[in-house]
Amino acid sequence: MRARAWVPEFPVFGRAWSLFNILSLNIRAEFLLIPNNMQNPATATTPKTGFADIVTRYLSCYETGDKNTLEELLSEDLVFSSPDDPELEKDEYFEKCWAMTDLSPAFKIGRIVSDGNEGYVSYDCITADGKRFHNTEYIRLEGDLIQEIEVYYGNKW
């Protein structure tokens, strides 16, 4: 059985809260090990391209305004969730989120932690109008396509 990063489950906060805290405390998650219990290996498909590469390309689409590449990276069955917008489908995602490209965002990726087809990215973002924020996203892939995105807001400064 493969070992994976252990994070406690908290009913109120869910899986991202605990990994967010691990990431923000600068604890290397790969050293905290217990059996894999976050995904069903029978249904998971491992990406052919590296997880970190796909996530980096996803964020860079916002920096460059490359909507065509982003559409190619996202599954037709995409489910996007954030505290403001729970469970948006792909067309709703573009309607609500693509407007951010007007702010010319610049992302600085802090960490990418992954196991096979799922993982987390933690980043800082600065927009052209000077707004800064820190977010963590849970991302799940099906093959080389992004199937699910859950955004958890961090600090604004």
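The values are calculated or read from the model by the stated rules, or taken from the named source; none is laboratory data. Fair warning: this is a prediction, and the values are worked out from it, not measured in the lab. Cβ placement follows ideal geometry from the backbone for every residue including glycine, while neighbour counts extend to all protein chains displayed.
Worth pointing out:
- Residue ID - nearest to the chain's Cα centre (by Cα), chosen from residues in the range 136-157 that are among the charged types (D, E, K, R) and not in a loop (DSSP other than H, G, I, E, B): E137
- The test for being of a type in the set (A, V, I, L, M) and within 20 Å of I54 (Cα to Cα) does not hold for I126.
- Whichever residue in the range 100-115 is surrounded by fewer than 16 Cβ atoms within 10 Å (Cβ to Cβ) and either more than 17 Å from Y153 (Cα to Cα) or of a type in the set (A, V, I, L, M, F, W, C) (or both) and, among such residues, is modelled with the lowest pLDDT: M100
- Residue match in the range 67-82 (condition: assigned to a helix (DSSP H, G or I), in contact (Cβ under 8 Å) with a residue 24 or more places away in the chain and under 18 Å from D124 (Cβ atoms)): no
- So Y62, is it in contact with a Pro (Cβ under 6 Å, 6 or more places away or on another chain), under 23 Å from T49 (Cβ atoms) and in a helix (DSSP H, G or I): yes
- The set of residues from the range 72-99 being surrounded by 14 or more Cβ atoms within 10 Å (Cβ to Cβ) and within 17 Å of L145 (Cα to Cα) comprises L73, L74, S75, L78, V79, F80, S81, L88, K90, Y93, F94.
- The residue pairs whose first member lies in the range 126-151 and is free of Cβ contacts under 8 Å to residues at least 60 places away in the same chain and closer than 23 Å to A106 by Cα, whose second member is assigned to a loop (DSSP other than H, G, I, E, B) and among the hydroxyl-bearing types (S, T, Y), and whose beta carbons are closer than 6 Å, counting only pairs six or more residues apart or on different chains, are A128/S104.
- Entry remark, the range 131-157: residues being in contact with a Gly (Cβ under 8 Å, 6 or more places away or on another chain) and among the charged types (D, E, K, R) number 0 in total.
- Selection from the range 83-118 of residues that are part of a strand (DSSP E or B) and among the hydrophobic types (A, V, I, L, M, F, W, C): L88, A106, F107, I109, I112, V113
- Test: E150 is at pLDDT 95 or above and exposed (fewer than 14 other Cβ atoms within 10 Å of the Cβ): no
- All positions within the range 87-103 that are of a type outside the set (A, V, I, L, M), without any contact (Cβ under 8 Å) to a residue 24 or more places away in the chain and out of contact with any Phe, Trp or Tyr (no Cβ under 9 Å at 6 or more places or on another chain): D91, E95, D102
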